[in-house]
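The values are calculated or read from the model by the stated rules, or taken from the named source; none is laboratory data. Just so we're clear, the structure is a prediction, and the values are computed from it rather than from any experiment. Cβ placement follows ideal geometry from the backbone for every residue including glycine, while neighbour counts extend to all protein chains displayed.
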Amino acid sequence: MCAGSRGFSLIELLVVLGLVGVMAAMALPAANPAVRGYRLAGDARGLAHNVSVAKMRAAAAFTRTRIHADTAARTYWLERWNGTAWVVDGNIQNLSSGVTFGVGGLTEAPLNTQTTIGLSGPCFDTASPPAAIAGSSCIVYNSRGVPIDPATGAAIGGNALYITDGTAVYGTTVAATGLMTLWWSPYRTPPTWQKEQ
């Protein structure tokens, strides 16, 4: 090297890159559970938001709306009744990788929400008489924003959609009054449900 030239040798650069690689390899496994938790929490808030939007759109448009969850495909979307058929109103939402609909092994619902923990009943098609759509779960609102039974149209409570990643469960519950609450519990028995919103 010439006198007065500055810089790093190839060996010095390789040592620094090696150290950065070792630190990254140690940090990534520790960050993975946090990323998984953020995915589940984000999906839960997105689902709860869409349940609220369904209620508001039902009352605003003076028609029935529903959140249609396809539990097998791990997707959900908002639908509006146009007088003869259910029409998708917005985008189909996908759950994050590793997140599914269900309660896992939890056996108790959040306090004063459901008598038995579980997803809301199935969606129904427009046939006469209406038939349940396999692998679906619905929360349906009438034109006043009140949750109703998808088959009979009678006002009901105890609606819920739950999602889990195997470490925690989030649940969006809807009371007979239309009050929506987002819950969270770690994946253990008995569950320790906490209100999120």
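Things worth noting here:
- Every listed requirement among (1) part of a loop (DSSP other than H, G, I, E, B); (2) in contact with a Lys or Arg (Cβ under 8 Å, 6 or more places away or on another chain); (3) of a type in the set (A, V, I, L, M, F, W, C) is met by I139 save one, (1).
- P33, sole failed condition from (1) part of a helix (DSSP H, G or I); (2) modelled with pLDDT of 95 or more; (3) not aromatic (F, W, Y): (2)
- Scanning segment 145-162 for residues that are of a type in the set (A, V, I, L, M) and in a loop (DSSP other than H, G, I, E, B), we see that the one that is nearest to L119 (Cα to Cα) is I156.
- Among (1) surrounded by 10 or more Cβ atoms within 10 Å (Cβ to Cβ); (2) among the small types (G, A, S); (3) modelled with pLDDT of 90 or more, the one test that S97 misses: (1)
- Hits in segment 172-189 - residues which are over 18 Å from V53 (Cβ atoms) and either part of a strand (DSSP E or B) or of a type in the set (D, E) (or both): W183, W184, S185, P186
- Contacts under 8 angstrom Cβ, first residue in segment 129-153 being without any contact (Cβ under 8 Å) to a residue 40 or more places away in the chain, partner in a loop (DSSP other than H, G, I, E, B) and among the polar types (S, T, N, Q), 6 or more apart: V146/T177; G153/N142
- Verdict on G105 being loosely packed, with under 15 Cβ neighbours inside 10 Å and either among the polar types (S, T, N, Q) or out of contact with any Cys (no Cβ under 6 Å at 6 or more places or on another chain) (or both): yes
- Looking across segment 60-94, the residues that are under 23 Å from R144 (Cβ atoms), of a type in the set (A, V, I, L, M) and surrounded by fewer than 17 Cβ atoms within 10 Å (Cβ to Cβ) come down to A60, A61, A85, V87, V88.
- When T75 is tested against (1) at pLDDT 95 or above; (2) under 16 Å from N159 (Cα atoms); (3) of a type in the set (S, T, Y), exactly one condition is not met: (2).
- Where strands (runs of 3 or more DSSP E) fall entirely within segment 52-129, those with at least 1 residues that are touching a Leu at 6+ places or on another chain (Cβ under 8 Å) and hydrophobic (A, V, I, L, M, F, W, C) are at 65-70, 86-88.
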